[in-house]
Structures are given as C-alpha cells and as structure tokens.
Amino acid sequence: MNLPKKRKRLLLSQKQNLIGWMFLMPAVVLIIVFMFYPIVQALITSIQSGSGVKIKWVGMKNYQRMFEDKKLWTAVKNTLIYAVWQVPIMLGLALVLAAILNNKKIKFKAVFRTLLFLPCTMSLVAYAIIFKLMFATNGIVNDLLIKSGILGKGFNFLGDAWGAKFVLILSLIWRWTGYNMIFYVTGLTNIDYALFEAAQIDGASSGQCFRHITIPMLKPVILLTVIMATNGNLQLFDETFNLTAGGPGNATISISQYIYEVAFKSVPNFGYSCAIGFSLMIVIAMLVLVQMKAGDTSD
Amino acid sequence: MIKKMQTFLTYTLLVILSFISVFPILWMLVSATNTSADILAGRLLPGTAILDNLQKILKMYNLGGAIFNSFRNAAGLTILALIICSMAGYGFEIYRDRAKDTIMRFVLLGMMVPTISIVIPLYKMFASAEMLNTMWACILPTISTPFLIFLFRQNTRAMPREIIQAARIDGLNEIQIYLKMYMPIMRPTYATAMTITFMNAWNAYLWPMIVLLDDDKMTMPVLLSYLMTGYKMDYGAILLCVSYCTLPTIIIFLSLQKFFVNGIAGSVKG
C-alpha cells in the first residue's frame, strides 16, 4: 500500500529538483559563457601570437617575455606603491571614522555618514577628471596653496612623477574611505555596545577601546576589506587612465592599463596581453587565498 | 575638561573630513555654472555661465544621446540582472543539494576574476558575432554576476521555509511560489540589488569603452573621457558634463541610501 505513495513523493522531489536547476540555469549559463569560457580563451590566446590567419603557437614565449618587459615591471612597481600607501591609510581612516560614528554620544551621525559616503556614488571616470582639473598647475588646489602662502607659484602635480602618484593615491583614498567605513560601521553594530560601556566604566580611554575592542572584534571585516582593497588596487584602470594617462612618462601606469595598451593601442598584441592578464588573475587568486589562510590561522 | 576637549576634537575631525569628502563634488557643481576663466581664477561661488557651458558641449558632443544610452543600458541591465540573479539565488538556496553547492562555489570563484583578464576574449566573441557597438554587447557580460547571485542566495536564507511549504500545500506550483511569495517578501533585497546594479552599470567604463566605438552609442563615462582628450579644454563645459554624469547616482543614493548601505553590509553580515 505504501509503495505507490513513496514513488510519487520521489517523483515530486525529483520534479522539484529539476525546477531548482531551471531557476539557476540562466545565471549559470551566462557566467559560463561570459566569464569561464573567456578565461579558457584567454589562456589559449596567451600561448599564441599573431592574429587572423597568421596565428602561431608560441608556447610559453609570451610569459617569458614578461620577465624582460621593463614597462610591465614599472606598472607592477607603481601598483605596489599605490597599495602600500593607499590601503593602510584608507583603512585606518575608515576604522577611526567608523569607531567615532559608533559612539552613541555623537550627534548628527546620519549626516556625517552620508557626507563621508558621498564620494562613493561617483563614477571613477568622473572623479578622476575632477581631481585632474583640481590639481592642474592652474587649478583650484594650487590656487588655494598660493593664496594661503604655502606655495610661491603653481606646482605641476601631474607633471611630476611623485606628485602624480601622490594625487592618484589621494584620490583613491578620497573615493573609497567612506565605502570601507560602511563595512566597519556594519561590523560594529553587530558588536554588543554594552562591551564599550563596560570598558568605559572600567576607565578605558577611547584609544584603548579602539585598540582592544574595536580592532580585535572587527578582524574578519578588516581582513575582507584588505582583500578587497588590494584586489581593487591590482585592477586599477579608470583612474590612472583618466587622471594621469599613466604619465608623466610611465610614472603612474597601472597593470590593467598596460594590459589594455598592449591589446588595443598601436600594434595590438592579443597574445601577450592575454598572458599578462592571465598572470594577473593567478596573482589575485593566490593573494586572496593567502590572505584568507592568514586570517584563519591567526584566530 | 579633557572629555570636553576630546569631544571637540572628534567633531572637528568629523567636520574637516566631511568637508574634504564633499568639497570636490561641490566644486564640480559650482564650476559647472562658471566660465573657464572664473574657475581658473579660483571662483568658489555659483555663476551664470551654465547655459553657455551647455551650448559649448552640445555643439561638439552628443550629450543627450550619451545620457539616453547610459540610462537605457543601465536600466536594461538592472532589470535583467535582477530577474536572472534572483532566480539563481532562489534556486541555489531553496532547492539546495550537494551538486548545486559545488556549482555555487565555482560561481563565487568568479568574484576574483579581473575584468581586464577576460576583456580580449569577450571582445573577440562579440566581434565575431558582429555585435560590437550594440547595447547587448555592453550589458550581456555583466547581467549575471557572482556578487548578485550571492546577495540573493544569502538573503533567501533568512526566508522562513514554512511559507514555501504552506504555499505548496495550498497548491501553488514552484514558479507561482517564486512569483507570488518570494518576490514580494524579498522586496528589500531587490531594492538593494537594484541600487547597486544600476550604479555599477551607470558608472561602468572599461568594457563600454572597448565595445562601444561609435559616437552615437557612447555612454556618459566614455563621453567624459573623450572630453578630456580634446586639445582645448574648457573647464566649465567639462565640469557640467561631469555633473550630468554624477547627479543621477547622487540622487539615487540619497533617496535609496538605506538599500545601498544594506547591500554593502550584506557581505559582512552573511
């Protein structure tokens, strides 16, 4: 008597399972076609040279070429410089701001939060252009510096190798601090506020609270933001492309920008470009894994 | 006394940083109404040159077209992304089993893939399909994103299963449950996903720049970067254009702030 019933139920769950697949298929197919298939294609292209009918298999040549490519290493060095300065300053600032905004005694919190977050609504191209114009030799920043007597005459920030790097790092910090702050603010709301009050009653200063409660409790979130920020740095494109165009010389060129130039400027070299792109992907994947591992073991 | 000093310093810091945060945006808006000469002279008050600036741009660039393209592409992408990714989030979570979890893990790996690494194969794909310069080339690759699927799956987790069971007993089929139960319940998640997707689409640059070659197909960020390559830069006109590109996202953010912040926070709470 029980048998037919059981059979029917099995069919029902099978049917449901099938419907489940139906629900997720469009998204998965799109990801395969527009993400995983291109990765395989990038790998294949990276061991070829030439284009159209003149495609040749060159094995690892494109990858070997990377080691002797001075411009690529300049781009790598630039990216490291950005990461080393931008990530700690930005995340430190974001942490301090989040801790302040988590304090119940602070008024107008919502207003401050909104204002601090506002830069994150801007398109990367838009803010790159604004910073470019602001830091021009005859721009508003030089103007203010001269009026306040700090500078005698306008300084060509974007024409100076370190000046351009400085402006770029500053603009990145400006654009992304509020974004990271939101992560910390959310992380902090998950921490029981009584913990802070208890520490204050015990006589802890706000500095001590920050060091001994905020940072340890936020560790997973901090790790997440470090990964995101480093990842973002490695993929920097819109800003260098529009703010400094990689210049002066190659003083600010980023890895992504270089990959783009190899592929789409003057003589296109898809093979070599794909080799760098593929290597970048591997580096990012490894970095994420290492950072996640480091986060696991230190807990 | 020390406490008072500390409070004072805290507020000072907040005010200074908030000011730095907003200053470039204010400068952009104010300068959009000034002449180039006034901007270079360091004028920080609104002027009356906004119409002149607008005329200068309209003479040389198809600003209206770029705004229209940006809106159409971003709106189209957002609608499709919301439907397809919410379906996936629903499918992955409600019909969860080992096979689907494995696939989900692969999908999440996609978060690490840099756009620049797959841009060339994508470009070749759309070129051989003769789809360069179309809206579809611009939006197809980013309709389904690991982040959005993750967001929907994560938020589906909070949905009580009893509702679905009850709906099944009431005789609703699976698709009806998705349409009539899941979608209304998940409205906040849809709002979050909408704000984030629309803003990302509106601001997208690298891929649209590569794939949209014609002037009349350009989106706003692409137009902006073209403006800068013109050899005679007119500050007022450029900053008016930048304002046009920025204001929609600022308005969306200010009116849907809660959802936007929720979206970012979603990955922390998960």
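The values are calculated or read from the model by the stated rules, or taken from the named source; none is laboratory data. All figures in this text were calculated on a predicted structure; none of them were measured in a lab. Cβ coordinates were reconstructed from backbone atoms using ideal geometry, including for glycine residues, and neighbour counts include every protein chain displayed. These accessible areas exclude ligands, DNA and RNA; they are computed on the full protein's heavy atoms, side chains included. Shrake-Rupley method; radii C 1.70, N 1.55, O 1.52, S 1.80 Å.
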Self-check item: Near pairs, Cβ below 6 angstrom, 6+ apart or cross-chain, from the stretch A:223-238 (surrounded by 19 or more Cβ atoms within 10 Å (Cβ to Cβ)) to any residue that is of a type outside the set (A, V, I, L, M) and not in a helix (DSSP H, G or I)
Solution: A:Gln235/B:Pro114; A:Leu236/A:Ser254; A:Asp238/B:Tyr205
Quiz item: Any residue in the stretch A:129-138 that is under 20 Å from the mean Cα position of the chain (by Cα), under 23 Å from A:Val226 (Cα atoms) and among the aliphatic types (A, V, I, L, M)?
Solution: no
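Given the residues A:Val111, A:Val185, A:Val125, which is the only one that is surrounded by 15 or more Cβ atoms within 10 Å (Cβ to Cβ) and more than 7 Å from chain B (Cβ to nearest Cβ)? Outline the logic, then answer.
Working: A:Val111 fails: surrounded by 15 or more Cβ atoms within 10 Å (Cβ to Cβ); A:Val125 fails: more than 7 Å from chain B (Cβ to nearest Cβ).
From the options A:Val111, A:Val185, A:Val125, the qualifying one is A:Val185.
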Quiz item: Residues in the stretch B:153-176: is at least one modelled with pLDDT under 90, over 24 Å from the mean Cα position of the chain (by Cα), surrounded by 20 or more Cβ atoms within 10 Å (Cβ to Cβ) and in a helix (DSSP H, G or I)?
Solution: yes
Exercise. Take B:Ile118 and decide whether it is facing chain A (nearest Cβ under 10 Å), open to solvent by less than 40 Å² (accessible area, probe 1.4 Å) and free of Cβ contacts under 8 Å to residues at least 60 places away in the same chain.
Key: yes
Exercise. Find all pairs meeting these conditions: Cβ atoms under 7 angstrom apart; at least six residues apart or on different chains; first residue within the stretch A:202-222 and under 15 Å from A:Thr186 (Cα atoms); second residue surrounded by 12 or more Cβ atoms within 10 Å (Cβ to Cβ) and of a type in the set (Ser, Thr, Tyr).
Key: A:Leu218/A:Tyr184; A:Val221/A:Tyr184
Practice problem: Mind listing whichever residues of the stretch B:216-252 are facing another protein chain (nearest Cβ under 7 Å), open to solvent by 10 Å² or more (accessible area, probe 1.4 Å) and either closer than 17 Å to B:Leu206 by Cβ or outside any helix (DSSP H, G or I) (or both)? | Solution: B:Ser225, B:Met228
Exercise. Report, by residue number, each residue of the stretch B:194-207 that is open to solvent by less than 10 Å² (accessible area, probe 1.4 Å) and in a helix (DSSP H, G or I).
Key: B:Thr195, B:Met199, B:Trp202
Quiz item: Does the stretch A:1-19 hold any residues that are open to solvent by less than 100 Å² (accessible area, probe 1.4 Å) and either among the aliphatic types (A, V, I, L, M) or modelled with pLDDT of 90 or more (or both), and which are they?
Solution: A:Leu11, A:Leu12, A:Ile19
Practice problem: Go through A:Ile253, A:Ile284 for me and flag whichever is touching a Leu at 6+ places or on another chain (Cβ under 8 Å) and either open to solvent by 30 Å² or more (accessible area, probe 1.4 Å) or aliphatic (A, V, I, L, M) (or both). | Solution: A:Ile284
Self-check item: Residue under evaluation B:Glu130, criteria (1) more than 24 Å from the chain's Cα centre (by Cα); (2) at the interface with chain A (Cβ under 9 Å from one of its Cβ atoms); (3) open to solvent by 30 Å² or more (accessible area, probe 1.4 Å), criterion not met
Solution: (2)
Exercise. Spot the failing condition for A:Asn180; the list is (1) open to solvent by 20 Å² or more (accessible area, probe 1.4 Å); (2) in a helix (DSSP H, G or I), and only one is missed.
Key: (1)
